[in-house]
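What follows is a single structure, written as structure tokens, with notes after it.
Quick note: the coordinates plus some simple rules give every number you see, no bench work behind them. In this text the structure is predicted, and so the values were computed from the model without any measurement. With ideal geometry, Cβ positions are generated from the backbone for all residues, glycine too; neighbour counts draw on all protein chains shown.
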Amino acid sequence: MEILLWQQRTGKNYTLVQLAEITGISKSEINAIENGKVSPRLDTLESLAAGLGVNICDLYKSSITNSGN
């Protein structure tokens, strides 16, 4: 699944620094997650979602498609 952290963060007009301050997650870790260099742990996702005011589900784009079957 594709992570939508960058889209959520920029959609809320947060900088990396602002989101890092809100969540307590380092700016470099957030950047690495946004660029797909690391897979975030569940507690990290929970903190990011809470900081952005969204559901964890909103941080991911599902690759599942409905084929109509």
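Computed values, structure above
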| quantity | calculated |
| --- | --- |
| Overall dimensions of the chain as given by Cα atoms, namely Rg and Dmax in Å | 12.6, 46 |
| In degrees, nearest ten, helix 42-52 long axis to first principal axis of the chain (Cα) | 80 |
| Ellipticity estimate at 222 nm from DSSP helix runs (n ≥ 4, -39,500 (n - 2.57)) divided over the chain, nearest 500 | -13500 deg cm²/dmol |
| Under 12 Å, Cβ to Cβ, from Thr23 - net charge with Lys/Arg +1 and Asp/Glu -1 | -2 |
